[in-house]
Amino acid sequence: MRHGDYQEFAFEEYVIKEEPFYLPLGHEVEIFEAAYAKKLPVLLKGPTGCGKTRFVEHMSYRLGSVPLVTVACHEDLTATDLVGRYLLDGQETRWLDGPLSRAVKVGAICYLDEIVEARKDTTVLIHPLSDHRRILPVERRGKVLSANEGFMLVISYNPGYQTVLKDLKHSTRQRFLAIEFDYPPEEIERQIVRHESGVSDECATQLARLGAKIRNLREHGLQEGASTRLLIYAGGLICAGVAPRLSCQVAVVQALTDDREVKQSLQEVVDAIFPE
């Protein structure tokens, strides 16, 4: 058997061609642009469904359609999954780059979503890429990849889910600039829901009000408030002809909790905002 390179990667697929809709909430756009110019890694932290991924997609386009490689991290994600592996191809053994190696080579933004879900040894792998070295050791090939000029490392996590076992190590956290996200103010959320779901302005206003009121219940047995994503889902169902109360029940209430009393409280909020 001989070792060769196996690179079947149409990077054009990772270029965002149409501008994703995003409404800035603060200084996150200018901070990200400055970080990209200075080749600094960025950490995005905030609750689920608040717009972190959409923001990265928006910035990828805004920076001149820089390719964006997104990796959804999980507990079985290994360093090999990110860097690459040898594959059998007939009588040959060929190398297949992983998503991180590809991004490093061509100068893409590599977005590791929910980084705390990955194994600890996988997290350590990104350390040489997140300081002045900007290198990726590929131990299986005895190589060290230097990051292309346009490469940028972005990671995200949800602080609300952190535990002793699933928290971002300080040795990792302190290698990144941190941009904090939260759910948008009611008026901005109304615009987002209206644009993304297609509902009327009046309905978008009601859904945004619903999100705000539910988030105020987090101290009363609800672990996390309704995400903007769930409100958009509810709006989509309403646009498809599903009754508003039923749409909110399946897209918001049922999605947030299994607790009977909490569900009843949430449904009361829905009923108050969407009277029949």
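Determine whether segment 50-61 contains at least one residue that is part of a strand (DSSP E or B) and at pLDDT 95 or above. No, every residue in segment 50-61 fails to be part of a strand (DSSP E or B) and at pLDDT 95 or above. Being under 16 Å from G235 (Cα atoms) and crowded, with 16+ Cβ neighbours inside 10 Å is the filter here; which residues of segment 256-272 pass it? Within segment 256-272, V270 is the sole residue that qualifies.
Within segment 23-53, the set of residues being surrounded by fewer than 18 Cβ atoms within 10 Å (Cβ to Cβ) and closer than 16 Å to E114 by Cβ comprises just one member, T48.
Scanning segment 230-276 for residues that are assigned to a helix (DSSP H, G or I) and either of a type in the set (G, A, S) or at positive phi (or both) returns A234, G235, G236, S247, A251, A255, S265, A272. Residues in segment 1-39 that are at pLDDT 95 or above and touching a strand residue (DSSP E or B) at 6+ places or on another chain (Cβ under 8 Å): E28, I31, F32, A35, Y36, K39.
Between V104, V144, the distinction of being without any contact (Cβ under 8 Å) to a residue 12 or more places away in the chain and outside any loop (DSSP other than H, G, I, E, B) belongs to V144 only. Within the option set L256, L231, being within 16 Å of G198 (Cβ to Cβ) and touching an Asp or Glu at 6+ places or on another chain (Cβ under 8 Å) holds for one residue only, L231. Of all residues in segment 213-249, those satisfying the criterion of being surrounded by 14 or more Cβ atoms within 10 Å (Cβ to Cβ), modelled with pLDDT of 95 or more and aliphatic (A, V, I, L, M) are L230, L231, I232, A234, L237, I238, V242, L246.
The values are calculated or read from the model by the stated rules, or taken from the named source; none is laboratory data. Owing to the predicted nature of the structure, the values given are computational and were not obtained by experimental measurement. All Cβ positions, even for glycine, are placed from backbone atoms using ideal geometry, and neighbour counts span all protein chains on display.
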